[in-house]
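Everything below concerns the one structure shown next.
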Ligand code: CUA
């Protein structure tokens, strides 16, 4: 009721919003309680021990019980805040396995958003309600920050490195998207909206017009036109490693270390191929730095991800990205969804 007539907080429109607010309110209450205690004691003692009554100060010796009390109580409060905050942080950082993927490229001064099945948007993101959405984000210039107050989600978007965030909207409607990192003259204009739709309405929107095919098929075209396919042919005598099944798996490098082939590893391997050489291969790959845009890198990424499904596996159904919360076998849904050219052309 208070929130309705005197809104101190934005609407709570995601699964984590109420949890973030609860911690925030707790911090405010703790602050208020201690502020009141301190000011009350200052006032009380300055009256009780004023000069007229106590003209000569008396020395008070320490009290073990009191010292333990004022050490243990703040420690307990601090640890409660730490554990509470850490649990919430892990929840905010870890996207559910079955989350649908959206790729975000920030630049001065706009947001470019890309659905794996094809549609691209600028300063707008359409998503289905009650569905976890994982964002893989990068900037093509300076640091930006993807901030949706109603979802209580904020994540810096960096040049040169992918960052991630996720949310699950619990209400349909249109919500503000802000850039929350000062990024130049038109930072304040780097805004947009998240449009949360019923799953059926989202399907209708998804089947509406869009340019180009899905991300993975775009990546496959680039893979050929840039010449990647000549070395990464997948043949036994190929000069580069076979990329099928590589994504998300540990890779043994020539210096003896092992890395997980995540988005940042793949990106780095395209732009700085001499840095991490897969064991058993020569450092002969040229850099593609400056030749491929962030969007093209994301397409290549989607293609390489799509290579991990075993050959002959039936394509996922187009409805999969908006399946209800009860779905069970969505662990590899992202890659499968981008793999299916039938979703969106
Ligand atoms: Cu982008 Cu501020």
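The values are calculated or read from the model by the stated rules, or taken from the named source; none is laboratory data. Just so you know, these numbers come straight off a predicted model, no measurement behind them. FYI the Cβ positions are ideal-geometry reconstructions off the backbone, even for glycines, and counts take in every protein chain you see.
Considering each residue of the range 184-199 in turn, at least one proves to be in a loop (DSSP other than H, G, I, E, B) and surrounded by 17 or more Cβ atoms within 10 Å (Cβ to Cβ).
With respect to (1) within 18 Å of residue 196 (Cβ to Cβ); (2) within 15 Å of the chain's Cα centre (by Cα); (3) within 15 Å of the ligand (Cβ to nearest atom), the lone exception for residue 167 is condition (3).
Looking for something modelled with pLDDT of 90 or more, over 13 Å from the mean Cα position of the chain (by Cα), away from the ligand (no atom under 16 Å from the Cβ) and assigned to a loop (DSSP other than H, G, I, E, B) - is there at least one such residue anywhere in the range 130-139?
Residues of the range 130-139 that are modelled with pLDDT of 90 or more, as a first pass: 130-139.
The next check asks that each one be over 13 Å from the mean Cα position of the chain (by Cα); those that pass are 130-131, 139.
From what is left, the residues that are away from the ligand (no atom under 16 Å from the Cβ) are 130-131.
Narrowing the set further to residues that are assigned to a loop (DSSP other than H, G, I, E, B) leaves 130-131.
Yes: one or more hits.
If I filter the range 209-230 for residues that are under 30 Å from residue 147 (Cα atoms), without any contact (Cβ under 8 Å) to a residue 24 or more places away in the chain, more than 16 Å from the ligand (Cβ to nearest atom) and more than 24 Å from the chain's Cα centre (by Cα), do I get at least one hit? Yes, some residue in the range 209-230 is under 30 Å from residue 147 (Cα atoms), without any contact (Cβ under 8 Å) to a residue 24 or more places away in the chain, more than 16 Å from the ligand (Cβ to nearest atom) and more than 24 Å from the chain's Cα centre (by Cα). Scanning the range 87-108 finds one or more residues that are within 16 Å of the ligand (Cβ to nearest atom), surrounded by fewer than 20 Cβ atoms within 10 Å (Cβ to Cβ) and either assigned to a helix (DSSP H, G or I) or touching a residue at least 24 places away in the same chain (Cβ under 8 Å) (or both).
Listed here are the residues, each with its yes/no results for (1) in contact with a strand residue (DSSP E or B) (Cβ under 8 Å, 6 or more places away or on another chain); (2) surrounded by 15 or more Cβ atoms within 10 Å (Cβ to Cβ); (3) not in a loop (DSSP other than H, G, I, E, B).
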position: 216; (1), (2), (3): no, yes, yes
position: 222; (1), (2), (3): no, yes, yes
position: 230; (1), (2), (3): no, no, yes
position: 233; (1), (2), (3): no, no, no
position: 237; (1), (2), (3): no, no, no
position: 242; (1), (2), (3): no, no, no
